[in-house]
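The values are calculated or read from the model by the stated rules, or taken from the named source; none is laboratory data. Not measured: the values here are computed from a predicted model. Reconstructed Cβ throughout: ideal geometry from the backbone, glycine too, with neighbour counts over all protein chains shown.
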Amino acid sequence: MLRINLFLFTLLFVVATQAQVVVVKGIVKDKRSKEPLAFVNITTVDGDRGVTTDIDGKFTIGLKEGSCCLKLTYVGYEPLEYTIRPSKKLQEILMKEKPYQLSEVEIFPGENPAHRIINNVIKNRDLNNPEKLESFTYTSYDKMIVTIDADSLFLKDTSLLDSSERKLKQFMEKQDVFIMETVTERKYRSPGLNQETVLATRVSGLKNPVIAFMISQLQSTSFYDELISIAGKNYINPISKGSIKKYFFLIEDTTYTPENDTVFIISFRPGRNTKFDGMKGFLYINTNRWAIQNVKAEPPQDSMGIVVKIQQAYEFIHDHWFPVQLNTDVIFTPMQAKAGNTTYNLVGKGRSYIRDIDLCPALKKREFGYHEVEIEPDATKKKGEFWDQYRVDNLTARELETYRVIDSIGK
């Protein structure tokens, strides 16, 4: 009888505890540009619970019943306390950017504390590098949207716009300039056997599947190689051997995961008086195996005037860290649209989502063809049912309109 009562008490306690948890979902954006902010640290005001936004700025957090406030911190932005609005299914939180520059001071009493962390990352680089695994396979869904960065146009009174500005605004209200999607299957076997098969591709206005495949080539899939490739150019990795002599590192913040791991947010940039092809950005280092959990990086503007920014997110899958999403944002500064007296840049927003990850498939050498990239004969003919399996979200009305209009021009 005692055991039954104890069991019932435990069951009631668990049910009561679960009933006290309220699940809140939301997205965090830049207040000015309305762009999603990746890897924002979110906690309850009492610090009892915490999460980090994903690479698309989205988050889900379980709160105790009665909790109504969240505290948000993000490097380069003003700290924010946000009151939850129960009437909204998706909380939209806007953070205000503050003037921010990496410190010019590079002299520390003794060793730079960030160096210990970076050295641990370098020491464990082969352990965490996906391409040091015996084999792996995954499927990737890639989408690139090219549009005009004309947000400032929407802040102006329509009655004050000239005819060219009104036309551009009407165009931008309905559609983008270009959209393309690809579903790719990749298989890898050590050492160096690699093959990617394009299962499906759709490019607005065009039927050439190779163009859509190019999105996956804009950045290295993993941030562990000695050299990181961005838009066809190689840059020295901030976690390569000897990097602490080339880069300046600074611990900007420290957060914690639900698994009680510590995450160090470290900024990096080329050191003063150094000359090499380097990058600047942020590394989010998890003390679980001293691995990269997230990374944000951008090289200097090149001679062509193209600005590229990348983001990568990793998850701990089957006892190994593996990339699950890659973002690539491109500003084509030489290519601009002019309306009135203002010119607007052409920008590309690329998103790659990695799924169906298998870290120990039994792959044979004979399974790899002569070509590293192969395209299925019916890749351009896949129907909506196929795409629905891989799209993270349904196409928006704006994206559908882009396909409709640009496809009609292509014909």
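Residue check: Lys241 meets all listed conditions (1) touching a helix residue (DSSP H, G or I) at 6+ places or on another chain (Cβ under 7 Å); (2) surrounded by 14 or more Cβ atoms within 10 Å (Cβ to Cβ) but one, namely (2). Step by step: first the residues of region 57-86, then only those that are of a type in the set (Asp, Glu) and over 22 Å from the mean Cα position of the chain (by Cα), then the one that is nearest to Gly281 (Cα to Cα). Which residue is that? So, considering only residues that are of a type in the set (Asp, Glu) and over 22 Å from the mean Cα position of the chain (by Cα), the one nearest to Gly281 (Cα to Cα) is Glu81.
In a residue-by-residue description of region 44-62, the property of being crowded, with 16+ Cβ neighbours inside 10 Å, at pLDDT below 90, assigned to a loop (DSSP other than H, G, I, E, B) and touching a Gly at 6+ places or on another chain (Cβ under 9 Å) applies to at least one position. Counted as qualifying within region 163-271 are the strands (runs of 3 or more DSSP E) with 2 or more residues that are at pLDDT 85 or above, closer than 30 Å to Pro79 by Cα and assigned by TED's automatic domain parsing to the domain that holds Leu395, namely 247-256, 262-270. Looking only at region 396-411, filter to residues that are within 13 Å of Arg202 (Cα to Cα) and modelled with pLDDT of 90 or more; which one of those is surrounded by the fewest Cβ atoms within 10 Å (Cβ to Cβ)? Top of the filtered list is Arg404. For Asp393, the test of being outside any strand (DSSP E or B), surrounded by fewer than 14 Cβ atoms within 10 Å (Cβ to Cβ) and of a type in the set (D, E, K, R) is passed.
From (1) part of a loop (DSSP other than H, G, I, E, B); (2) of a type in the set (A, V, I, L, M, F, W, C); (3) within 21 Å of the chain's Cα centre (by Cα), pick out the condition that doesn't hold for Ile331. Condition (1) is where Ile331 drops out. Take Gln336 and decide whether it is buried (at least 16 other Cβ atoms within 10 Å of the Cβ) and in a strand (DSSP E or B). No, not satisfied. Number of residues in region 341-374 that are more than 12 Å from Tyr188 (Cβ to Cβ), surrounded by 15 or more Cβ atoms within 10 Å (Cβ to Cβ), over 27 Å from the mean Cα position of the chain (by Cα) and not β-branched (Val, Ile, Thr): the value is 0.
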